[in-house]
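Participant: Let me begin by handing over the structure; questions about it come next.
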Amino acid sequence: MRLYNTKSRKIEEFKPRVEGKVSMYTCGPTVYHFAHIGNLRSYICEDVLVKSLRYAGYDVKRVMNITDVGHLTSDADTGEDKMLKGAKREHKTVLEIADFYTKAFFKDFTDLGNAMPDVVEPATHCIPEFIHMIEVLLEKGYAYKAGENVYFDTSKLENYYVFSNGSVEEDDLMVGVRDDVDEDTNKRNKSDFVLWFTKSKFDDQELKWESPWGYGYPGWHIECSCISIKHLGEYMDIHCGGVDNIFPHHTNEVAQSESYLGHPWCNYWFHVHHLIDRNGKMSKSAGDFVTVSTLKEKGYDPLVYRFFCLQSHYRKPLEFSYDVLDNQVKAFDKLIKRIAALSDDGDVDSAVFDEFRKRFEDAVTDDCNTSMALTVVYDALKAETNDATKKALIASFDEVLSLDLLKKAEESKKDASSGEDEETVRFVTEKIEERKAAKKAKDFAKADAIRQELLDKGIVIEDTREGVKWHRA
Ligand code: AMP
Ligand code: ZN
């Protein structure tokens with residue numbers, strides 16, 4: 001697997017710490033609202049990464065958190081708690097909206113063909129672990145108490161800005177920083193961040209826990225450090241998220257985790273670029289965003305959105321519009337029809353199968369080159385081989401693509417004959433299969449007789465490049 005690593009800013013040959021095994025962590029959603037299709041682009045690309053690794057034979061363990069506390073309206077620890085804001089908006093409790101939006105998230109997530117992570121852990125389930133990590137950071141001198149909060153002291157680190165080498169496009173790294181950040185005067189250094197909040201400003205905070213520093217709640221960044229270490233141990237292979245997570249969120253995670261552990265922590269950082277529309281980055285706080293439900297209401301199959309995402313590279317911004325999506329519907333339909341036209345003819349040709357499987361694996365393990373992988377799909381459909389081999393290849397590719405290709409092809413066949421009654425469809429299908437068998441056995445007289453028998457009943461069959469088709473005369 002070749003993978004671009006945000007840490008080195010290079011494409012590297014991926015080497016897990018333990019041969020054949022990959023530990024992977026994904027920053028999960030903040031569940032104060034529906035996820036938009038931008039958030040879900042990140043999760044689709046991460047799903048492709050997991051499945052590509054599995055396709056290449058790795059045993060992957062993937063952990064995801066659910067942010068149900070601690071994420072403030074500014075990623076830089078100021079403003080209101082997003083969960084509290086969501087609860088007020090809906091006149092519900094924080095737990096009620098967390099539960100509702102977590103369920104909604106995983107419905108959208110799976111509707112888009114994503115496999116469930118191996119572990120999903122809500123932040124509110126891990127308060128003792130957060131407290132423990134903060135205590136260790138205080139003991140080791142990496143943290144301090146001020147104005148009732150506990151902060152991480154970034155001046156204690158030789159290199160806090162781990163994802164910046166001083167010569168890079170700072171704009172890229174600083175996407176998480178907003179202009180409207182009000183200065184927190186309790187901090188020793190501008191870049192210090194909160195580990196634990198007990199500020200009285202949050203008195204109306206419904207989720208509060210007892211801690212050595214008073215009632216309060218954890219900062220957002222500590223969640224991911226703790227939850228990943230809890231489930232994956234002291235070392236991790238790949239950490240994922242959207243590019244807006246690079247700073248400050250992932251930068252702070254590295255600061256906390258490595259100071260706590262006393263050694264390097266995660267080797268590879270995988271960041272997905274943003275989904276944009278004509279107004280710029282799609283974001284929950286902007287209010288005007290597209291969800292999977294919006295797509296469904298407008299009659300789009302969520303998997304068409306996945307197909308759309310797969311055409312582009314995860315490290316490039318992707319521009320969404322309904323016009324573009326309409327073109328994707330046509331392209332997806334065409335692909336499904338081509339697959340639907342495949343018969344079950346022949347035995348799988350293992351040489352051809354292996355050749356195309358390798359080409360596909362080479363594409364997805366080349367820094368998740370999904371557009372190249374789709375080219376391999378079309379090439380396989382055009383290949384000089386029998387339909388059984390093509391079908392087997394499509395089934396294999398779909399382990400990564402997760403577009404339900406064969407299932408949709410079967411459904412489209414049913415649609416194509418929807419004007420006919422079941423008995424006719426069954427009869428014609430049987431006759432076509434009988435004729436194929438006759439042709440295979442070189443009994444051309446029988447094959448012709450079957451064609452004639454159908455014609456006598458007003459049914460015309462055609463042998464096309466894409467298989468046998470039939471219609472009324
Ligand atoms: P959130 O629920 O806001 O914590 O975000 C969940 C994930 O979506 C994070 O990994 C973000 O980096 C990512 N994300 C947010 N906005 C976008 C976008 N417009 N395009 C792609 N990914 C995004
Ligand atoms: Zn995170």
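The values are calculated or read from the model by the stated rules, or taken from the named source; none is laboratory data. Since the structure is predicted, the reported quantities are computational estimates derived from the model, not experimental observations. Don't worry about glycine lacking a Cβ; one is built from the backbone with ideal geometry, like all the others, and counts go over all protein chains shown. Ligands, DNA and RNA are stripped out before the accessible areas are found, and what is left, the full protein with its side chains, is counted by its heavy atoms. Shrake-Rupley method; radii C 1.70, N 1.55, O 1.52, S 1.80 Å.
Participant: Tell me which helices (runs of 4 or more DSSP H) are completely within region 87-202 and hold 1 or more residues being at pLDDT 95 or above, or say none if there are none. Step through it out loud before you land on a result.
Facilitator: Values: elements: 94-111, 127-139, 170-173.
The qualifying helices (runs of 4 or more DSSP H) are 94-111, 127-139.
Participant: Which one is nearest to ligand 2 (Cβ to nearest atom) among residues in region 10-49 that are open to solvent by 40 Å² or more (accessible area, probe 1.4 Å) and modelled with pLDDT under 95?
Facilitator: Looking at the filtered set, the residue picked out is HIS33.
Participant: Follow-up. Looking only at strands (runs of 3 or more DSSP E) that lie completely in region 235-278, which have at least 2 residues being surrounded by fewer than 21 Cβ atoms within 10 Å (Cβ to Cβ) and within 15 Å of ligand 1 (Cβ to nearest atom)?
Facilitator: 275-277
Participant: Considering every residue within region 14-33, establish whether at least one is assigned to a helix (DSSP H, G or I), within 16 Å of ligand 1 (Cβ to nearest atom) and not hydrophobic (A, V, I, L, M, F, W, C). Steps first, please.
Facilitator: Taking region 14-33 first, the residues assigned to a helix (DSSP H, G or I) are none.
Among the residues of region 14-33, not one is assigned to a helix (DSSP H, G or I), within 16 Å of ligand 1 (Cβ to nearest atom) and not hydrophobic (A, V, I, L, M, F, W, C), which makes the answer no.
Participant: Moving on. Considering LEU381, LEU374, which residue is out of contact with any Gly (no Cβ under 8 Å at 6 or more places or on another chain), farther than 30 Å from GLU434 by Cβ and open to solvent by less than 60 Å² (accessible area, probe 1.4 Å)?
Facilitator: Answer to the selection: LEU374.
Here is a yes/no grid of residues against (1) surrounded by fewer than 22 Cβ atoms within 10 Å (Cβ to Cβ); (2) within 30 Å of ASP184 (Cα to Cα); (3) of a type outside the set (S, T, N, Q):
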position	(1), (2), (3)
TYR55	yes, no, yes
LYS61	yes, no, yes
GLY70	no, yes, yes
LYS82	no, yes, yes
LYS85	yes, yes, yes
GLU96	yes, no, yes
ALA104	yes, no, yes
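Participant: If you go through region 78-97 one residue at a time, how many are polar (S, T, N, Q) and either more than 16 Å from TRP220 (Cα to Cα) or in contact with a His (Cβ under 9 Å, 6 or more places away or on another chain) (or both)?
Facilitator: Matching residues across region 78-97 total 1.
Participant: Consider ARG315 against the criteria (1) open to solvent by less than 70 Å² (accessible area, probe 1.4 Å); (2) modelled with pLDDT of 95 or more; (3) over 28 Å from ILE432 (Cβ atoms): it satisfies all of them except one. Which criterion is unmet?
Facilitator: (1)
Participant: Would you please name the residue that is farthest from LYS281 (Cα to Cα), looking only at residues in region 307-329 that are hydrophobic (A, V, I, L, M, F, W, C) and in a helix (DSSP H, G or I)?
Facilitator: Just the residues of region 307-329 that are hydrophobic (A, V, I, L, M, F, W, C), to begin with: 307-310, 318, 320, 324-325, 329.
From what's left, in a helix (DSSP H, G or I): 307-310, 324-325, 329.
Working: PHE307: 20, PHE308: 17, CYS309: 15, LEU310: 19, VAL324: 17, LEU325: 17, VAL329: 23 Å.
Only one residue fits best here, namely VAL329.
Participant: Within region 325-332, can one find any residue that is of a type in the set (Phe, Trp, Tyr) and buried (at least 18 other Cβ atoms within 10 Å of the Cβ)? Let's see the steps before the verdict.
Facilitator: Taking region 325-332 and keeping what is of a type in the set (Phe, Trp, Tyr), we get 332.
Those left that are additionally buried (at least 18 other Cβ atoms within 10 Å of the Cβ): 332.
Checking region 325-332: at least one residue is of a type in the set (Phe, Trp, Tyr) and buried (at least 18 other Cβ atoms within 10 Å of the Cβ).
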